[in-house]
Structure formats: structure tokens, C-alpha cells
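A short worksheet on the structure shown next.
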Amino acid sequence: MGVAGDCCDASGDTYPGQAGWFDTANGCGGFDYDCSDTAVTRYPFTASCESVGAACTGSDGWVGAVPPCGATGSYQTGCFAVSCGAGCWTCGTNTSPRTQACR
């Protein structure tokens, strides 16, 4: 049984105001866990990493396109300078698989 005003009686986790994030579809086959009529992605941004002299600057996010709810992609957390020899610098990143969560 669902909560009053919910949009999916087949899932007790699906109701207005749901603040949790989910990487699998609810009992009704969708990712609209907060009953907003739209599945909101937890991680909506792509990553960046660029060299600025002997330093690197960037932002966390998906490498490539932002995957849809429930799909797995490569997620970057970190952008750092790596020496490649005398006076040579390149940027390195920390990446790992992550599944897009939504609500």
C-alpha cells in the first residue's frame, strides 16, 4: 500500500517529498520517486579537467555524457597535476564506475 498522494502504489518508497536517491526503477517501472512528474538526476554534470601551467583545475562529474537514471558510467572525482618530466606537466583524474541515481 502506498502513502496518501503517492504516484506509485506498488512502491512504498515513492511519495511526494521523497528526498532519497535510487538507482533502480520503482515498482511502477520509473524513477519518479518524489511524484514530481519528472525523474531528477542526482549527478547532472559532466566533468572537466584542464592544465593551468604546473597545476590543474576542474570539476567532478561524468566523463562524457550524463547517463540516464539507473545506467552506469565513469564518474570523475578529482583533477590533479602530474609531472611528466623536467618542466612537463599533465593532468590526472580519479575516475570510478557509478550508477546514476534519481528521484
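Within the set of pairs 6 or more residues apart or between chains, which connect a residue that is touching a residue at least 40 places away in the same chain (Cβ under 8 Å) inside the range 7-26 to a residue that is of a type in the set (D, E, K, R) with Cβ atoms less than 6 Å apart? Once the first residue is touching a residue at least 40 places away in the same chain (Cβ under 8 Å) and sits in the range 7-26, its partners that are of a type in the set (D, E, K, R) give 18/34; 18/103; 21/42; 21/103.
Restricting attention to the range 91-103, the residues being over 13 Å from residue 62 (Cα atoms) and in contact with a Ser or Thr (Cβ under 7 Å, 6 or more places away or on another chain) number 2. Can you tell me which residues in the range 1-56 are surrounded by fewer than 17 Cβ atoms within 10 Å (Cβ to Cβ), modelled with pLDDT of 95 or more, under 30 Å from residue 88 (Cα atoms) and not β-branched (Val, Ile, Thr)? Hits for the range 1-56 are 45, 48.
Under the condition of being farther than 19 Å from residue 76 by Cβ and either charged (D, E, K, R) or free of Cβ contacts under 8 Å to residues at least 24 places away in the same chain (or both), the residues counted in the range 37-59 number 2.
The values are calculated or read from the model by the stated rules, or taken from the named source; none is laboratory data. These figures come from a predicted structure and were not determined experimentally. Note that each Cβ is placed from the backbone with ideal geometry, even for glycine, and that neighbours are counted across all protein chains shown.
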